[in-house]
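The values are calculated or read from the model by the stated rules, or taken from the named source; none is laboratory data. Given the structure is predicted, the values throughout are model-derived calculations rather than measurements. Neighbour counts run over all protein chains shown; Cβ positions are idealised from the backbone, glycine included. These area figures cover heavy atoms from the full protein model, side chains too; ligands, DNA and RNA do not enter into them. Shrake-Rupley method; radii C 1.70, N 1.55, O 1.52, S 1.80 Å.
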Amino acid sequence: MDTNKKQSSLQISILVYQHLLITSLTLPIEMLRAGEAFAKSHLQSIPFRPLTINLIAENTQPIKNRSGLAILPDDTHLTAPHSDLIIVPGIWRNPRPVVRANNQLVKWLGASWQNGSSIIGVGTGNCLIAEAELLNGHPATTHWHYAEQFKRDYPLVLLKPDFFITQSERLYCVASLNALADVIVHVISQYYGQAAAQHVERNFSHEIRKPYEEQRYLEGAVDRHPDELIAQIQFWLKNNVSTEQSLNDVAQLFGLSYRTFTRRFRSATNQSPIEYWQQLRVQTAKELLACSNLSIQEVALEVGYNDQGHLTRVFKKVLSQTPSEYRKVVRRKLFG
């Protein structure tokens, strides 16, 4: 490979080992490649960096797995390139034997982190990151079935088993494949911009449930705020998306003036009530368009808009497409 080309590319490394969950290897590759292809063909005004994806193992021998497909590593920990991003796939069943068998990969993870790599761990794959002591004193999550074992094995990690995603600086932990998809969309937006991320989200829509920002536990984040009244109002809004009440009515319902409500909401969440309200409505509308046979007008009413035109204007502003176009793409599930 040309050295200059390799240096200018985004280096993605994925650890591979016995008993890995093959989907947690193939899904991010397919999504990242989809984002790369969109950026290359649609975003000429943005400096384009191609992806180089390497499979890193303890040795270069083929690895058999439960799917019957042989995995062929590209490099070992000794020859692996510097990585912008490292993905640590999930592990079938008890992760302890895999952790013990991959001591050199654990050491490489620690060294890579010190050299600036971002790391995403999937399910029980997070045990390898914890073994490298990178999660000590930081939040993490894992597959629910092994949460208690994880606590015993890594007592210095701040396990958050109720969250599907945690983030601490450049460390991301996800508990499921759906959550992995959400983080990969987030990564694509960082590499190639929001348009590429939205393209991938639409094409992999049934694998993605909520925007990354809405479901993570972010260490030190302002969205995990201490204002209990605003938290109650957020909960009320989530459960009353179709209400005809205005935000001024909601403020009065909770004994606040609209001015005080707006000030406290922005202070707690770093966004205005109107922005938050619109995000909730758009997300609910997306779910209804994908998973129901309601007409566009009926979807608009379900999310609190009084007519189809209002919903269409909001969709075009936020997603750069109409509700009908969004539904068509989602239903077809195009992966190309």
Residues satisfying the stated conditions in region 104-132, i.e. surrounded by 15 or more Cβ atoms within 10 Å (Cβ to Cβ) and not in a helix (DSSP H, G or I):
S117, S118, I119, I120, G121, V122, A132
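Of all the residues that make up region 208-217, how many are open to solvent by less than 50 Å² (accessible area, probe 1.4 Å) and either touching a strand residue (DSSP E or B) at 6+ places or on another chain (Cβ under 7 Å) or at pLDDT 90 or above (or both)?
Of all residues in region 208-217, those open to solvent by less than 50 Å² (accessible area, probe 1.4 Å) come to 208, 211-212, 215-216.
Then drop every residue that is not either touching a strand residue (DSSP E or B) at 6+ places or on another chain (Cβ under 7 Å) or at pLDDT 90 or above (or both), which leaves 212, 215-216.
Going through region 208-217 one residue at a time, the tally reaches 3.
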Taking into account only those residues within region 289-303 that are small (G, A, S) and either open to solvent by less than 20 Å² (accessible area, probe 1.4 Å) or under 27 Å from the mean Cα position of the chain (by Cα) (or both), which is modelled with the highest pLDDT?
A300
Search result, residues across region 172-207 that are at pLDDT below 90, crowded, with 22+ Cβ neighbours inside 10 Å and either part of a loop (DSSP other than H, G, I, E, B) or in contact with a strand residue (DSSP E or B) (Cβ under 6 Å, 6 or more places away or on another chain) (or both)
A175, A179
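For the structure I just gave you, tell me whether E169 is open to solvent by 70 Å² or more (accessible area, probe 1.4 Å) and either closer than 19 Å to P28 by Cβ or in contact with a helix residue (DSSP H, G or I) (Cβ under 9 Å, 6 or more places away or on another chain) (or both).
no
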In the list L289, L311, which residue meets the criterion of being in contact with a Phe, Trp or Tyr (Cβ under 9 Å, 6 or more places away or on another chain) and closer than 30 Å to T26 by Cβ?
L289
What number goes with the only condition from (1) of a type in the set (A, V, I, L, M); (2) in a loop (DSSP other than H, G, I, E, B); (3) open to solvent by less than 80 Å² (accessible area, probe 1.4 Å); (4) over 30 Å from G193 (Cα atoms) that V98 does not pass?
(2)
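Filter region 17-67 for residues that are in a strand (DSSP E or B) and at pLDDT below 95 and give the result.
Of all residues in region 17-67, those in a strand (DSSP E or B) come to 20, 51-57, 63.
Across region 17-67, the qualifying residues are L20, I63.
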